[in-house]
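For reference, the structure discussed in these notes is given below.
The values are calculated or read from the model by the stated rules, or taken from the named source; none is laboratory data. As the structure is a prediction and not an experimental result, all values here were calculated from the model. Neighbour counts are summed over all protein chains in view; Cβ atoms, including those assigned to glycine, are modelled from backbone coordinates with ideal geometry. For accessibility, only protein heavy atoms count, side chains too; no ligands or nucleic acids. Shrake-Rupley method; radii C 1.70, N 1.55, O 1.52, S 1.80 Å.
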Amino acid sequence: PPIIEVDKQMFPVKEYYLENAISMMEEFAGCDELDCDMLLSKPRVPGLFHRRKFFAEFIAYLHRHHPIISKNKTMSILVFLPGLSTITELHDDLERLLLPVEDFELFVLHSTVPISDQHLAIRAPPKHKRKFILATNIAESSITIPDVRVVIDSCLHKEITWDERSQTKSLDVVW
């Protein structure tokens, strides 16, 4: 497979957790207790749709309420998700939430995406545009994109589970 090389540099990191994001969203749009409980539930991700919706709304919130340029550097956002279907769904959610605004670019990094499109995701965005990159967690340990200032890790991944009752295996998205 083709290899994309990007100059490497370590950046300072501030960690925020889902609870922090919920607090920010409560101030912005409100979050009823049931939705928050659904977002924080751990096993088997029954609330995956609610989480994806929350991620989309939170990313839209960040885009609208935090500057695109900080200290003369573009603040791109990289989001790690468990698979192509979740990436595609979040991509569609973000397009719906952020359009018709024209101050962003949205990219997908995945093995099914043509390499030429993946190169576009790595190049610097035009001035006064924010870049959103949606990728699987496989890319988490293998890619550095210089203009990324915010990383959102969904902490979701795919795992083979065994259902004792039905005596079958399944590939589930888990927390």
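Take the residues in the range 147-160 that are charged (D, E, K, R) and in a strand (DSSP E or B); name whichever of them is surrounded by the most Cβ atoms within 10 Å (Cβ to Cβ).
For the range 147-160, the residue satisfying everything is 149.
Just a yes or no: is a residue in the range 100-111 out of contact with any strand residue (DSSP E or B) (no Cβ under 9 Å at 6 or more places or on another chain) and either modelled with pLDDT of 80 or more or among the aliphatic types (A, V, I, L, M) (or both)?
Within the range 100-111, one or more residues are out of contact with any strand residue (DSSP E or B) (no Cβ under 9 Å at 6 or more places or on another chain) and either modelled with pLDDT of 80 or more or among the aliphatic types (A, V, I, L, M) (or both).
When residue 104 is evaluated against the numbered criteria (1) of a type in the set (A, V, I, L, M, F, W, C); (2) within 26 Å of residue 67 (Cα to Cα); (3) surrounded by fewer than 13 Cβ atoms within 10 Å (Cβ to Cβ), which criterion, by number, is the only one it fails?
Unmet condition: (3).
Which of the residues spanning the range 124-175 are in contact (Cβ under 8 Å) with a residue 60 or more places away in the chain and small (Gly, Ala, Ser)?
If the condition is that a residue be in contact (Cβ under 8 Å) with a residue 60 or more places away in the chain and small (Gly, Ala, Ser), then 154 is the only one that fits.
Here is a yes/no grid of residues against (1) assigned to a helix (DSSP H, G or I); (2) within 18 Å of residue 54 (Cα to Cα); (3) touching a Lys or Arg at 6+ places or on another chain (Cβ under 8 Å); (4) open to solvent by less than 80 Å² (accessible area, probe 1.4 Å):
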{"residue": "77", "(1), (2), (3), (4)": "no, yes, yes, yes"}
{"residue": "86", "(1), (2), (3), (4)": "yes, yes, yes, yes"}
{"residue": "97", "(1), (2), (3), (4)": "yes, yes, no, yes"}
{"residue": "108", "(1), (2), (3), (4)": "no, no, no, yes"}
{"residue": "120", "(1), (2), (3), (4)": "yes, no, no, yes"}
{"residue": "135", "(1), (2), (3), (4)": "no, yes, no, yes"}
{"residue": "145", "(1), (2), (3), (4)": "no, no, no, yes"}
{"residue": "162", "(1), (2), (3), (4)": "no, no, yes, no"}
{"residue": "166", "(1), (2), (3), (4)": "no, no, no, yes"}
